[in-house]
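Right, one structure below, let's go through it.
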Amino acid sequence: MVKRVSSSSMASSVADTPPAPWELEELDYKAHMEDEIVIAVMGVTGAGKSHLIRQVTGQTDITVGDGLESCTDKITSYRFNHEGVNITLVDTPGFNDTYRTDTDVLLDIATWMELSYRENFKLSGIIYLHPITAIRMEGSALRNLRMFRKLCGEDALSHVFLATTHWRNVPEALGNRRTKELKENPEFWKGMVSRGAKVSKYLGDRASALDLIDVLVKIGRVTLGIQRELVHEGKELHQTAAGEAVNEELARLERNHELALNTVKAEWVQALKDKDEELKEALVEERRRIEDKLVQVENDRENLRRERRREIREQEDEWHRRIKRMESEQLKEREDFQRRFKELEDSVKGSQQEPGIPWMSVMDLVVKGLVHFLNIRR
């Protein structure tokens, strides 16, 4: 059941996560978790995730990039109200993030997904953005798409919108042809569409984004594949489908780096024979660069396999401490309001016989106070 609230609550809120989705305003957090509509926004760097969230929430301080570098390097939540429904949009970095490895991104997303799911903060769906300006599905975009599908799991794809963006930058006929290819190619979207994923255009304005959100608001909550694996099946991250996919990517990178390193070593031996000092110096630098990448691969592999239970427990403990503190603050506010309301009531009773009292104004104040009190109790 979606909780309807006053239209006066239109202001958006923003906070870093985890567990920031619940630091947005002072309210009944248990009810908030049950009633909030949570939608994750995913996609490759430059697809328009931050732009969509800025359009919908009205948050003008959200950074929107116009280059190739990622503007989202951590998971961030933005809350707004739409037609009486509280909605949280979760902005995520892509698996082709400019400065962070796939392992780093997966660790962040998995931690947020697991913690939020354990606290009953369930997703209503995911909007996955793809720029229609892309001439072809490049390696990084294809890797992003495969990882996204692993995160979702097959049973959750009916809660996914595959939305194309940047339509202003291509002729409509060309964009339609590219969309058709995305939908019909088994390597791209065909498999997800056959399992219930929806395809739509995001035209860059608020109304277009709300069309997607309105559909997800009405179809209920969903448990993603990675949430089921981590919480219900008790798997470690490296044992999940998404973790296995990252491991496969790490193995591929390791093979490529080792081949490159062997090539550099052979070229260095030849340069040594030729007494080519300049080439030798360049090859030494190239060897150092490749060896650094191999170290990074090993570090990523260790990070993926590290024990995360303690981290999750620590974040859960912090979450419950915040809930307890906020509930205590609410109780104090409620008691303070009851005291002030009683003083006002006594004042009204004691002044009933005095002339010149603006009774309508006093009664209006009493009614407003009572309404505020009831809202706090909820």
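The values are calculated or read from the model by the stated rules, or taken from the named source; none is laboratory data. Note that this is a predicted model, so its numbers are computed, not measured. Using ideal geometry, Cβ is built from the backbone for each residue, glycine included, and neighbour counts are taken over all protein chains shown. We work out accessible area using only protein heavy atoms, side chains counted, and drop any ligands, DNA or RNA first. Shrake-Rupley method; radii C 1.70, N 1.55, O 1.52, S 1.80 Å.
Scanning segment 47-65 turns up at least one residue that is at pLDDT 80 or above, crowded, with 22+ Cβ neighbours inside 10 Å and touching a Lys or Arg at 6+ places or on another chain (Cβ under 8 Å).
Contact map, segment 84-96: first residue within 8 Å of Ile39 (Cα to Cα), second residue at pLDDT below 85 and among the small types (Gly, Ala, Ser), Cβ cut-off under 9 Å, separation 6 or more or different chains; pairs are Thr88/Ser13; Thr88/Ser77; Leu89/Ser77; Val90/Ser77; Val90/Ser116. Candidates Leu253, Leu261: the one that is in contact with a Leu (Cβ under 9 Å, 6 or more places away or on another chain), touching a residue at least 40 places away in the same chain (Cβ under 8 Å) and among the hydrophobic types (A, V, I, L, M, F, W, C) is Leu253.
Would you check if Arg100 is open to solvent by 20 Å² or more (accessible area, probe 1.4 Å) and in a helix (DSSP H, G or I)? Spell out how you get there, then give the answer.
Numbers: open to solvent by 20 Å² or more (accessible area, probe 1.4 Å): yes; in a helix (DSSP H, G or I): no.
So Arg100 does not fit the description; no.
Thr133 meets each of the listed conditions (1) part of a loop (DSSP other than H, G, I, E, B); (2) at pLDDT below 85; (3) open to solvent by 10 Å² or more (accessible area, probe 1.4 Å) apart from (2). For segment 179-192, filtering for residues that are open to solvent by 50 Å² or more (accessible area, probe 1.4 Å) and closer than 16 Å to Glu154 by Cα leaves 3.
How about segment 160-173: which of its residues are assigned to a helix (DSSP H, G or I) and either touching a Phe, Trp or Tyr at 6+ places or on another chain (Cβ under 6 Å) or surrounded by 13 or more Cβ atoms within 10 Å (Cβ to Cβ) (or both)? Give the derivation first.
Taking segment 160-173 first, the residues assigned to a helix (DSSP H, G or I) are 167-169, 172-173.
Result: Trp167, single match.
Hey, among Ala271, Ala242, which residue is assigned to a helix (DSSP H, G or I) and more than 30 Å from Lys150 (Cβ to Cβ)? It would help to see each step written out before you state the result.
Working: Ala242 fails: more than 30 Å from Lys150 (Cβ to Cβ).
Going through Ala271, Ala242 in turn, the sole match is Ala271.
Checking the structure you have, find out if any residue of segment 80-92 is among the charged types (D, E, K, R), open to solvent by 10 Å² or more (accessible area, probe 1.4 Å) and in contact with an Asp or Glu (Cβ under 7 Å, 6 or more places away or on another chain).
Just the residues of segment 80-92 that are among the charged types (D, E, K, R), to begin with: 83, 91.
Cutting the leftovers down to open to solvent by 10 Å² or more (accessible area, probe 1.4 Å) gives us 83.
Among the residues that remain, those that are also in contact with an Asp or Glu (Cβ under 7 Å, 6 or more places away or on another chain) are: none.
No, because not a single residue in segment 80-92 is among the charged types (D, E, K, R), open to solvent by 10 Å² or more (accessible area, probe 1.4 Å) and in contact with an Asp or Glu (Cβ under 7 Å, 6 or more places away or on another chain).
Quick one: count up the residues across segment 283-305 that are touching a Ser or Thr at 6+ places or on another chain (Cβ under 7 Å) and of a type in the set (Asp, Glu). Number of matching residues: 1.
Filtering segment 256-271 to residues that are aliphatic (A, V, I, L, M) and closer than 14 Å to Lys293 by Cβ leaves Leu259, Ala260, Leu261, Val264.
Residue check: is Ser200 surrounded by 18 or more Cβ atoms within 10 Å (Cβ to Cβ), without any contact (Cβ under 8 Å) to a residue 60 or more places away in the chain and not acidic (Asp, Glu)? Against the criterion (surrounded by 18 or more Cβ atoms within 10 Å (Cβ to Cβ), without any contact (Cβ under 8 Å) to a residue 60 or more places away in the chain and not acidic (Asp, Glu)), Ser200 does not qualify.
The number of residues in segment 231-283 being open to solvent by 40 Å² or more (accessible area, probe 1.4 Å), within 30 Å of Thr111 (Cα to Cα) and polar (S, T, N, Q) comes to 2. Scanning segment 136-147 for residues that are in contact (Cβ under 8 Å) with a residue 40 or more places away in the chain and either open to solvent by 50 Å² or more (accessible area, probe 1.4 Å) or in contact with a strand residue (DSSP E or B) (Cβ under 6 Å, 6 or more places away or on another chain) (or both) yields Arg143, Arg146. Tell me, which residue of segment 295-323 that is open to solvent by 70 Å² or more (accessible area, probe 1.4 Å) and at pLDDT 70 or above is farthest from His257 (Cα to Cα)? The selected residue is Arg306.
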